[in-house]
Amino acid sequence: MKKEHAKHNEDACHYLNQSGKYNDWVITTAFYSAMHYVQYELFPMEVGSEAFDNFNSYYRSVCNYIDVRPSKHQITIELVHTKLPNCNRFYRWLHDECFSARYSNYKVTCQKSNMAMKYLNNIKAHLYKL
């Protein structure tokens, strides 16, 4: 399911980029596509003696051991950093730009939207399950 969701977001990203009108949404769909692709890559996952079928089961387990609940995005960023280090810089940029584009300033240049697509492709190039 994650792979299909990632592809759906990626297709929307390409469609929006071709229109040239919604660069903020190009970045947003690139980020969410990347998020689903990396979660698809990472799961199922074993940590010690525990096995996790999906991201949500891993997240619930992580939150059982800490007082302050981090966001799901923060946990994904940490997983990418530790498990997919070649994707880390690209993923972090997409995350940060997505939240900036959506919440701070929806006026985004074509250069940034093209960079988002490039970074999504860079992430995909480092994933083995695709």
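Values quoted throughout were computed directly from the atomic coordinates according to the rules given, and no laboratory measurement underlies them. Please read all numbers here as calculations on a predicted model, not as lab measurements. Glycine gets a Cβ as well: all are built from the backbone with ideal geometry, and neighbour counts include every protein chain shown.
How far, in nm, would the chain grow between residue 100 and residue 53 when pulled straight, counting 0.36 nm per residue and subtracting the alpha carbon separation?
Fully extending the segment from residue 100 to residue 53 adds 13.8 nm.
If you place +1 on the Cβ of every Lys and Arg and -1 on the Cβ of every Asp and Glu, how big does the dipole about the Cα centre of the chain come out, in debye to the nearest 20? Let's see the in-between values first.
Numbers: 16 positive and 12 negative charges, 76 e Å.
The dipole magnitude comes to about 360 debye.
If you filter the stretch 32-106 for chymotrypsin sites (Phe, Trp or Tyr not before Pro), then keep DSSP loop positions with at most 11 other Cβ within 10 Å, what is left? Don't jump to the answer; show the numbers that get you there.
Values: sites: 32, 37, 40, 52, 55, 58, 59, 65, 90, 91, 93, 99, 103, 106; in loops: 65, 106.
For chymotrypsin sites (Phe, Trp or Tyr not before Pro) across the stretch 32-106 that sit outside H, G, I, E and B with at most 11 neighbouring Cβ atoms in 10 Å, the list reads 65.
What is the helix-to-structure angle for 2-19, meaning the angle in degrees between its Cα long axis and the longest Cα principal axis of the chain, kept from 0 to 90 and rounded to the nearest 10?
Helix 2-19 sits roughly 10 degrees off the main axis of the chain.
Taking 0.36 nm per residue of sequence separation and subtracting the Cα-Cα distance, how much length would be gained by fully extending the chain between residue 21 and residue 4, in nm to one decimal?
Net length gain for the segment: 3.6 nm.
May I ask you to evaluate 6.51 cos²θ - 1.76 cosθ + 1.60, the Karplus curve with θ = phi - 60°, for each residue of the stretch 38-55 and list the ³J(HN,Hα) values in order in whole Hz, giving x for glycine and proline?
The phi angles translate into 5, 5, 4, 5, 7, 10, x, 9, 10, 10, x, 9, 9, 10, 10, 6, 8, 4 Hz.
As an exercise, use a Förster radius of 22 Å and the Cβ-Cβ distance of residue 118 and residue 81 to find the FRET efficiency, rounded to the nearest 0.05.
0.60
What label, among (i) 2, 9, 11, 9, 8, 8, 9, 10, 12, 9, 6, 3, 2, 1, 0; (ii) 2, 11, 25, 26, 22, 11, 3, 0; (iii) 2, 11, 21, 22, 19, 13, 7, 4, 1, 0, belongs to P(r) over Cα pairs in 5 Å bins from 0, in percent computed from the structure on display?
(iii)
Trypsin sites (Lys or Arg not before Pro) within the stretch 1-84: which are DSSP loop residues with at most 14 other Cβ atoms inside 10 Å?
Those that pass, being in a loop and sparsely packed, are 21.
When the label point is put 7 Å from the Cα of residue 111 along its Cα-to-beta-carbon vector, which residues of the stretch 27-55 have a backbone N closer than 20 Å?
Under 20 Å, as judged by backbone N against the label point of residue 111, lie 27-28 of the stretch 27-55.
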